[in-house]
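The values are calculated or read from the model by the stated rules, or taken from the named source; none is laboratory data. Keep in mind that what you see is a predicted model, and the values were worked out from it rather than measured. Because the Cβ atoms are built from the backbone with ideal geometry, glycine has one as well, and the counts that use them run over all protein chains shown.
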Amino acid sequence: MTTRLKSLRITRVALVPKGANQEAHVVLYKQAETKREQGMDFSRSAFAYAPDGPATWKLRLVETPEGQPTAAQVGRAIAALRPAGFRGNRVVIPAEDLPDVKRTVLAAWHVTHPEAEAADIPTILKGHDMDDYAMPMTTDQKLHCREWYELWDAFTSSMYDFMQAMAHDPATYAPLMVESIRQFLDHAEAMLTMVGMVEKAHPLLAVCAEVCKQGAVMSAARLRRLEEAIATLQGILEEAMPMMEKRKGRHMVDKPTHDADQALTLTKRAETAEERATAAETQVKDLEADIAKRAMTPEQQEAAWLASLPDVIRKQYEADKLEKAELRKKLQAAEDRNAKQEYIAKAAGYKALPINPDDDWEVFKAIGGLEEKHRVRIEQLFKSAEELCATAKVFEAVGTGGGAGVGGSPAYAQLEVLASELQKGTKMTKEQAIVKAMDARPDLARAHRTEREEARNGR
């Protein structure tokens, strides 16, 4: 039996997606806000500072939406609170909210360091800031510190960049990362010795040496150890190394160099990034121009090139080009004339064949363009035909007696008369003219052949 509660006094309304009472007719629900980072959606509780909307949330303490705080992520948050910041970026939090934020980060730090003692707590989480410390430095100390800060900043920046890049292409970036670590180790120990920090930095140096010993074989666990060692040493360095000179009254003597160094580093980074961007932009433009050029026809490429020239140079180039074209035209004409005369002379060499050199020279030109074996064979055939025609006496009259005309052949006599007419005004030989006459009068040619056969047979 269902019971009904009466005379209830509501002191709290919880926003839930589904009511526990099966008979509930009113559901109060509000979708939780999330902030997307690294492809994942994190709730407000994942951040140490979350005053308003997701855009204002800062200092994430967990690495997965449902996970617990990790030493690496908490270390990044601690680094962001320090003057140097995380990867050169210091988180900006209002002064009135900073104590609560530090307490939240400290609670997460205790979760990730359950066996740590109070002395192990990072100074930045104790409510102190490095600006509260005063430590006199000599000129040499300042120089050594500045050199170390530059080396350390370059090292940490490159390491975080390599770690991010290796998630996508470990085969390419692992060797580069190892080489960067080797270069760091070549200078780090000597510089840390100068500033009196070599013993405290020994764990990091040991991890770096281990990574170099293993080479490009980079496991996820070793990468986490390296990142944690960097974050730990970052805190140790900022807590132990002198950052500013002592105060005198209301004025500061030798103002801290850290901010100036950081500004200088950031400026150098910005300049380097700008140079790289300019170089990349130039390279992109060159590639685009090369691609566009490859898509052009030779004529379009020449037109584009001419358009890029000064007017004086372009006009001179066009004039020279026109002059060269005229010279090439004249030279080609002379070569063609010489070739024509050569082929005419070759055609004229076949006197016994019905060849007109002035008309048939192009035939010999075409023969000259054939493959050598074909050309040689055709010339052999022409020579054989020439010799055959010259010795066969094709055009001589056969037989004697009776009948009008040369050799007693009336048909041949008519062909001779016609051939004489065809020869007039030409360079044809008599034999060539006879052949032309036979082509013009096939009836006379047939009659001549008949008369010749009859004469041979003695008729």
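In this structure, does E228 turn out to be at pLDDT 75 or above, of a type in the set (D, E) and closer than 14 Å to G75 by Cβ? Steps first, please.
Working: at pLDDT 75 or above: yes; of a type in the set (D, E): yes; closer than 14 Å to G75 by Cβ: yes.
So E228 fits the description; yes.
Mind listing just one residue for me: the one in region 154-180 that is part of a helix (DSSP H, G or I) and acidic (D, E) and, of those, surrounded by the fewest Cβ atoms within 10 Å (Cβ to Cβ)?
Here the answer is E179.
Given E281, E275, E323, which one is assigned to a helix (DSSP H, G or I), over 26 Å from the mean Cα position of the chain (by Cα) and more than 30 Å from E386 (Cα to Cα)?
Exactly one residue qualifies, and that residue is E323.
Is it fair to say D336 is closer than 30 Å to G368 by Cα and either surrounded by 10 or more Cβ atoms within 10 Å (Cβ to Cβ) or without any contact (Cβ under 8 Å) to a residue 24 or more places away in the chain (or both)? Steps first, answer last, please.
Working: closer than 30 Å to G368 by Cα: yes; either surrounded by 10 or more Cβ atoms within 10 Å (Cβ to Cβ) or without any contact (Cβ under 8 Å) to a residue 24 or more places away in the chain (or both): yes.
The answer is yes for D336.
Any residue in region 32-49 that is β-branched (V, I, T) sitting within a Cβ distance under 8 Å of a residue that is surrounded by 14 or more Cβ atoms within 10 Å (Cβ to Cβ)? List the pairs, counting only those 6 or more apart or interchain.
The qualifying pairs are T34/F42; T34/S43; T34/P54.
Could you list, in sequence order, the residues of region 38-57 that are under 19 Å from K102 (Cα atoms) and either under 38 Å from the mean Cα position of the chain (by Cα) or among the hydrophobic types (A, V, I, L, M, F, W, C) (or both)?
A46, F47, A48, A50, W57, listed by residue number.
Answer with yes or no whether E326 is outside the structural domain of E147 (by TED's automatic domain parsing), of a type in the set (D, E) and modelled with pLDDT under 85. Break it down stepwise before answering.
Values: outside the structural domain of E147 (by TED's automatic domain parsing): yes; of a type in the set (D, E): yes; modelled with pLDDT under 85: no.
No: the conditions fail for E326.
Condition (residue is closer than 18 Å to N356 by Cα, among the aromatic types (F, W, Y) and at pLDDT 70 or above) applied to region 381-402: is it met by at least one residue?
Yes, that holds for at least one residue.
Any chance region 418-427 includes a residue that's crowded, with 18+ Cβ neighbours inside 10 Å and modelled with pLDDT under 85?
No: region 418-427 contains no residue that is crowded, with 18+ Cβ neighbours inside 10 Å and modelled with pLDDT under 85.
Yes/no per residue for (1) surrounded by fewer than 20 Cβ atoms within 10 Å (Cβ to Cβ); (2) not in a helix (DSSP H, G or I):
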position: W152; (1), (2): no, no
position: R182; (1), (2): yes, no
position: E199; (1), (2): yes, yes
position: A209; (1), (2): yes, no
position: R222; (1), (2): yes, no
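State whether one or more residues within region 60-73 are aliphatic (A, V, I, L, M), at pLDDT 90 or above, assigned to a loop (DSSP other than H, G, I, E, B) and surrounded by 11 or more Cβ atoms within 10 Å (Cβ to Cβ).
yes
Do you know which residues across region 367-388 are assigned to a helix (DSSP H, G or I) and of a type in the set (A, V, I, L, M)?
Taking region 367-388 as the starting set, the residues that turn out to be assigned to a helix (DSSP H, G or I) are 367-368, 372-388.
Correct list: I367, V376, I378, L381, A385, L388.
Applying the selection to region 74-114, what residues are crowded, with 17+ Cβ neighbours inside 10 Å, hydrophobic (A, V, I, L, M, F, W, C) and farther than 18 Å from D153 by Cα?
V74, I93, V101, V105, L106, A108, W109
Return the pairs, sorted by first residue and then second, in which the second residue is part of a helix (DSSP H, G or I), the first residue lies in region 358-386 and is touching a residue at least 40 places away in the same chain (Cβ under 8 Å), the beta carbons are less than 9 Å apart, and the residues are 6+ apart or on different chains.
Taking only residues 6 or more apart or on different chains, the pairs are D358/I344; D358/A347.
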